Amino acid sequence: MRVYVPSTLPLLAEALSTKSVALGSAVEVDDEIRLAEPEGDDEAHEYLAFLRAVDASAKLVSGLDLPLRRRVVIALEVAALTPDASWKSVAAVHVDEAPVDFSQREIDDDLLWFAPAEVAELLHSEGAPSTPDNPEVN
């Protein structure tokens, strides 16, 4: 099952460093999402779950300094919702292209896509907290 975990750049760095992603705030396709889009297919339902995670990430980053104010969503493939999942379960990471200015009327929900092997370089380029030297943590 695909789940979407709202995050921040510092939390993403921590997940990469520990090779573990906390799933407590994970968003999955549930009955509420299916009812919101009754004619939707699996892809439409997953997109709605992703958007919920994007919104939750916005709340997480709103209190951060502007350079770190980028919404992050970690997409994972898991067998079941447990307290945490191995970094090996990460399918992709979605991140805003630039810090989010919440004073704008409309904020784009089109986040950039990164493979798990690209996350260390992303964090390094953004000056996020330290990460392992080895970007290949899978």
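Any read-out appearing in this document is the output of simple, stated calculations on the displayed coordinates, not a laboratory observation. These numbers come from a predicted model, not from an experiment. Because the Cβ atoms are built from the backbone with ideal geometry, glycine has one as well, and the counts that use them run over all protein chains shown.
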Once Lys and Arg are counted +1 and Asp and Glu -1 for all other residues with Cβ under 11 Å from that of Ala36, the total becomes -3
Please identify every one of the GluC sites (Glu not before Pro) in the stretch 22-111 that sits in a loop by DSSP and has no more than 12 other beta carbons within 10 Å of its own beta carbon. Glu39, Glu97, Glu106
Would you look at the GNM of the chain, springs on alpha carbons closer than 10 Å, and say which of Asp109, Asp65, Asp96 moves the most? Asp65
Rg [Å, one decimal], Dmax [Å, integer] - the chain, C-alpha atoms: 14.7, 46
Hey, can you rank 56-64, 87-95 by average C-beta count inside 10 Å, highest first? 87-95, 56-64
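Summing -39500 (n - 2.57) over the DSSP H runs of n ≥ 4 in the chain and dividing by its residue number, what mean residue ellipticity at 222 nm do you reach, to the nearest 500 deg cm²/dmol? Please report the intermediate quantities before stating the final value.
Details: 4 runs with 44 residues, N = 138.
Result for the chain, helices only: -9500 deg cm²/dmol.
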